[in-house]
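Some notes on the structure that comes next.
The values are calculated or read from the model by the stated rules, or taken from the named source; none is laboratory data. Keep in mind it's a predicted model, so treat the numbers as computed, not measured. Quick reminder, even Gly has a Cβ in these numbers, built from the backbone with ideal geometry, and neighbours come from all protein chains shown.
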Amino acid sequence: MKTYFDLLRLAVLVSAFPLLADAATWNYRIGEPAPDFRLTALDGKQVALSDYKGRIVVMSFMASWCPFCNAAAPYFEQVNKKYRSKGVETFIVDVHEQKTPISEFVKKHALTCSVALDTEGKITTLYAPPPTVAPELKREETMIASFLIVDRQGTIQFLSLNEDMAKFDAKLTKLQVRLDQILSEQ
């Protein structure tokens, strides 16, 4: 059940999407080292980005209450299944939730990728754009419904902020094009 706070937070996020539109042409963090982290996954195991060094990683920052995350989740699972045999690791960093809502989200979308819990939003904030992008949002909230690719050397090669509602790529078409380019280069 959505609380008033959840609905208010959603309204702020949706109203901020036009402010993120500039991010579509902004190469934020592309070519930079991805910040390392260690989080606990839903299954209780530890997930650290450094554990995947030498592999390509596709990550998404999601929340179960986010309509954009719900729209993209089935396609994220398709990416997981399509690229797993090519050595690509996929996982979700869940932002500011406890186990129950995200567990229901995972079940609803039949997700098989790992889901790491960033209950305080600290790790997500490491990836967030500067406060000049959507200044009314908490830094970690700007990352909800975003997707990124980290190459084998730990460098960010693709970052799609949620841009705006009209351009939101729920099917992850742009991500898959870039992922195919990276795989063909190696």
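Numbers at a glance
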item	result
Top-ranked residue of segment 139-155 - restricted to ones that are β-branched (Val, Ile, Thr) and in contact with a Pro (Cβ under 8 Å, 6 or more places away or on another chain), ranked as surrounded by the fewest Cβ atoms within 10 Å (Cβ to Cβ)	155
Any hit, segment 130-138, residues being at pLDDT 95 or above, part of a loop (DSSP other than H, G, I, E, B) and surrounded by fewer than 21 Cβ atoms within 10 Å (Cβ to Cβ)	no
Residue match in segment 99-120 (condition: among the basic types (Lys, Arg), outside any strand (DSSP E or B) and either under 14 Å from the mean Cα position of the chain (by Cα) or crowded, with 18+ Cβ neighbours inside 10 Å (or both))	no
In segment 38-76, the residues that are farther than 19 Å from residue 120 by Cα, buried (at least 18 other Cβ atoms within 10 Å of the Cβ) and without any contact (Cβ under 8 Å) to a residue 60 or more places away in the chain	73
